[in-house]
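The values are calculated or read from the model by the stated rules, or taken from the named source; none is laboratory data. Source: prediction; values computed, not measured. Reconstructed Cβ throughout: ideal geometry from the backbone, glycine too, with neighbour counts over all protein chains shown. Just so you know, the surface numbers come from the protein's heavy atoms only, side chains and all, with ligands and any DNA or RNA stripped out. Shrake-Rupley method; radii C 1.70, N 1.55, O 1.52, S 1.80 Å.
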Amino acid sequence: MAVESAADVPSPATRSPGPVTLPVPRQPSSAARSAPDRRVQLRWPSGPGGRVGGSDRGSGRAAWSRPALAVAVICVCSFTASLVLQATLFRDGSGDADEAAYVLQARMLLDGHLTLDAATMEPFFRPWLTGEHDGRLFTKYLPGWPALLAASQALFGTMTVAPALVAAGWVAGTYRLARELLDDAASAVLAAALVAGSPLVVVHTALPLAYACGAATLTLASAALLRGARTGARSSLLAGGAGAGFALLLRPFDAVLVLTGVVVFALARLRRQPRAIPARVGWAVLGAAPFVAVLLVFCRLVTGSALRMPLSASDPLDRFGFGPRRILPSEPTFTFTRHLALRALEQTCTAAPGWLFGGVVVVGFAAVGAVLARRRAQRLLLVVTVVAVAGGYLFWWGSAFAMPGLRDGLGPHYHLAALTPILILAADGARRLWSAAAALPRAAVLRPTAAGVVVVTMVLLTASAVPGKVDGQRWVNDHNAFLAALLPDRFPAPAVVVVTPQVPSRYTQVPYQTLRNRPDLHGRVLYAADLGPATATLPEDVPGRALYRLRPDEIADPAAPASFYGSFTALRQVSGERIRVHLTARLPAGSAAGAAAYVRLGAQTRIFPVTPSAGDRVDPSIADPSIAGPAVIDATLVVTSGEPAGAGELGAGTATLPGELVVGVVQPTAAGPARWEERIPLARRHGSGALTLLTPGLGWRQVPGRAAVGWLPAPVRPTLAVAVGLD
């Protein structure tokens, strides 16, 4: 059979009889093949061979295409970077106290517990971010991320693997989502690289916080759901549904903000295949069902209601919207206003470029990617996701608290779910600009030159934003190292360390997040919150343990500008019906008239005036010989549990206990009074009613000329020495 070209086939009018010939379709030119298809497409275009991701079964290429290999390399780099940073810069975390709550919950899961006994933890050992229901304590967080930390600890002997896997998974998910939406391998690989190189991702994938895991999970789930909705692949639908369900166990608000748009988009694309919708939705729901069940059961067990989340159950004021807000009932109330919300959003948008690889350049590329005509619906989905996240967190009061750390702290961490869409748009915007530049004169020279300048600019912008963030973290590390240096390397016996910050807190993890207890309180060293005078009853809760006080903010000498600070002191409990207090005050030579020592308990005060030390010489030039030499006050009195019997006693019968037994000395000076006080916590023992106190107490000083500063935490020896014992 003869075969002729279609161009050579004569028309029917002039065609002579002969052998039947079949026309061969003309192959499109290379230019036509590269031109974009501007026809309305009824189906989502897939990657080569009908699969998004680069595997081309028809051409016989290997399943691992070059783009996939490139992404694999980026994943390995992100995984490694996370492990290295966790071992170096973030070895003790970021300093955010929330990290302690996640780690505690992971350890609880390893011990097989969802809650803790409130009676055991209260009042000195209650962990940060815990609520209470029916006598049990629960953390404010859902169990998704703590479960991953626990699994990492169980499988690898460390929790550091979980954040590293999140880093790799986020990169892979970005590639899959970009490939699914834009069907361009180069854009997808570039988007994955931008995610891996962004400081916000690098930081959060090196921390035991749930923000990165939530964003990575939503990225993977979105890619799988979109692919499953397009192709009907059950594996993708099940995986996407499972990812969506797991996201509910991480950060449910983020899941609603991101996945609502994904679901609406997927259903809109299936409007021409209505019969396929029930089956595809069903497979996705099947994938999510186990995680939704876990969520409902968990909430029922810890809060008493399957529909009540731990976040709001711990405090009804911890919710979205404007008005009085509070993280826990024990913490101050904060008024969240619309003005603060808009200010937080403005500062978030201002700080965000410093956390992206390429800074404002990548933001410009994202703007280009958002307005391109190709695959306009997919780009709209990415834009809507960014707007939904930004708009949703406009109503979250925590955004106002995040403002101080937006630039060099944790960054805009609440908005982490918007990062992937921004970088996908940026990658595709850069890719299209590169392609469009091919039409320029001398493109062979100009394109590489321009690209090199842009890349160098992006690297420099990123590098310029890093030092402040590193310096901030180094300050945290130095603070943690200083705290560790105050503690002994080894305790001779099981111990309890009372932690006394300058700003009182009932949670040791708030000022010092590295001071953590095991969930069962069976550690050799326990850290207890300093609850003021009530701390005198602590020994009854921890019998057989040695007591110490850690006071990191204590100043050795407030009058010395470069005085070192911090103290670690052994404590002793004294209990009885009658407690003897002996004080010795030594004031320097030339003390002014009016210097005196005093002991105060509630409204009762005993005053001891200054007397010159025996044997001291009197300077004849001093008009008043009674104050010429060093002044010494030596006095003893008794604190009794009942009514005082005379001037040498203080009675605790009418005092409000727990309270403070204050022993002090005051010295008038030309610049104002100098004061030293030792404040000893005093309480009654449960049951017996006997007095109990912890000694030594806390030292405080007022420095002449610094009255506006008030009382400063400082030792009182050698000016004032206080000895306490049984009478």
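Quick grid of which residues meet (1) closer than 27 Å to Val503 by Cβ; (2) in a loop (DSSP other than H, G, I, E, B); (3) open to solvent by less than 10 Å² (accessible area, probe 1.4 Å); (4) at pLDDT below 95:
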| position | (1), (2), (3), (4) |
| --- | --- |
| Glu643 | no, yes, no, yes |
| Gly646 | no, yes, no, yes |
| Leu657 | yes, yes, no, yes |
| Val663 | yes, no, yes, no |
| Thr669 | no, yes, no, yes |
| Gly672 | yes, yes, no, yes |
| Gly687 | no, yes, no, yes |
| Trp700 | yes, no, no, no |
| Ala708 | yes, no, no, yes |
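List the pairs whose first member sits in segment 328-340 and is farther than 19 Å from Pro316 by Cβ, whose second member is assigned to a helix (DSSP H, G or I), and whose Cβ atoms are under 7 Å apart, counting only residues at least 6 apart or on separate chains?
Leu340/Ala400
Can you pull out the residues in segment 513-539 that are open to solvent by 10 Å² or more (accessible area, probe 1.4 Å) and either touching a strand residue (DSSP E or B) at 6+ places or on another chain (Cβ under 8 Å) or in a strand (DSSP E or B) (or both)?
Those that are open to solvent by 10 Å² or more (accessible area, probe 1.4 Å) and either touching a strand residue (DSSP E or B) at 6+ places or on another chain (Cβ under 8 Å) or in a strand (DSSP E or B) (or both): Arg516, Asn517, Pro519, Arg524, Val525, Tyr527, Asp530, Gly532, Pro533, Ala534, Thr537, Pro539.
Mind counting the residues in segment 435-458 that are open to solvent by 40 Å² or more (accessible area, probe 1.4 Å), under 30 Å from Leu218 (Cβ atoms) and modelled with pLDDT of 95 or more? Full working, then the answer.
To start, the set of residues in segment 435-458 that are open to solvent by 40 Å² or more (accessible area, probe 1.4 Å) comprises 435-436, 438-442, 444-450, 453-457.
This time we only want the ones that are under 30 Å from Leu218 (Cβ atoms), so: 435, 454-455.
Still in the running and modelled with pLDDT of 95 or more: 454-455.
Number of matching residues: 2.
When you go through (1) hydrophobic (A, V, I, L, M, F, W, C); (2) closer than 30 Å to Ala670 by Cβ; (3) outside any strand (DSSP E or B) one by one for Val599, which number turns out not to apply?
Condition (3) is where Val599 drops out.
Write out, first by first residue and then by second, each pair whose Cβ atoms fall under 7 Å of each other, whose residues are 6+ apart or on separate chains, and whose first residue, in segment 700-727, is closer than 17 Å to Glu554 by Cβ while the second is in a strand (DSSP E or B) and of a type in the set (Phe, Trp, Tyr).
Qualifying pairs under 7 Å: Arg701/Trp676; Trp711/Trp700; Leu712/Trp700; Pro713/Trp700; Ala714/Trp700; Val716/Trp676; Thr719/Trp676; Leu720/Trp676.
Mind listing whichever residues of segment 177-208 are open to solvent by less than 10 Å² (accessible area, probe 1.4 Å), under 23 Å from the mean Cα position of the chain (by Cα) and farther than 18 Å from Ala418 by Cβ?
Ala206, Leu207
Identify, please: which residue in segment 133-176 is assigned to a strand (DSSP E or B) and touching a residue at least 60 places away in the same chain (Cβ under 8 Å) and is, among those, surrounded by the fewest Cβ atoms within 10 Å (Cβ to Cβ)? Steps first, answer last, please.
Step one: list which residues in segment 133-176 are assigned to a strand (DSSP E or B), which gives 133, 136-139.
Cutting the leftovers down to touching a residue at least 60 places away in the same chain (Cβ under 8 Å) gives us 133, 136, 138-139.
Details: His133: 18, Arg136: 20, Phe138: 24, Thr139: 26.
Among them, the one singled out is His133.
If you take the residues in segment 262-272 that are open to solvent by 20 Å² or more (accessible area, probe 1.4 Å) and either in a helix (DSSP H, G or I) or in contact with a helix residue (DSSP H, G or I) (Cβ under 7 Å, 6 or more places away or on another chain) (or both), which one is nearest to Met309 (Cα to Cα)? Give the derivation first.
First pass over segment 262-272, keeping only residues open to solvent by 20 Å² or more (accessible area, probe 1.4 Å): 263-265, 267-269, 271-272.
Still in the running and either in a helix (DSSP H, G or I) or in contact with a helix residue (DSSP H, G or I) (Cβ under 7 Å, 6 or more places away or on another chain) (or both): 263-265, 267-269.
Values: Val263: 24, Val264: 26, Phe265: 28, Leu267: 29, Ala268: 32, Arg269: 34 Å.
Residue satisfying both the conditions and the ranking: Val263.
Does Val389 count as more than 21 Å from the chain's Cα centre (by Cα) and among the β-branched types (Val, Ile, Thr)?
On the way: more than 21 Å from the chain's Cα centre (by Cα): no; among the β-branched types (Val, Ile, Thr): yes.
Taking the combined requirement at face value, the residue does not satisfy it.
Pick out the one residue from Arg300, Arg275, Arg230 that is at pLDDT below 95 and assigned to a helix (DSSP H, G or I). Steps first, please.
Working: Arg300 fails: at pLDDT below 95; Arg230 fails: at pLDDT below 95.
Being at pLDDT below 95 and assigned to a helix (DSSP H, G or I) holds for just one of Arg300, Arg275, Arg230, which is Arg275.
In segment 357-377, what residues are small (Gly, Ala, Ser) and not in a helix (DSSP H, G or I)? Show your work before the answer.
Of segment 357-377, the ones small (Gly, Ala, Ser) are 358-359, 364, 366-367, 369-370, 373, 377.
The answer is Gly358, Gly359, Ala373.
Output the residues belonging to segment 303-334 that are under 17 Å from Gly144 (Cα atoms), open to solvent by less than 40 Å² (accessible area, probe 1.4 Å) and in a loop (DSSP other than H, G, I, E, B).
Hit for segment 303-334 is Ala306, nothing else.
Could you look through segment 346-366, keep only residues that are under 20 Å from the mean Cα position of the chain (by Cα) and open to solvent by 50 Å² or more (accessible area, probe 1.4 Å), and pick out the one that is farthest from Gly391 (Cα to Cα)?
The extreme case among them is Gln347.
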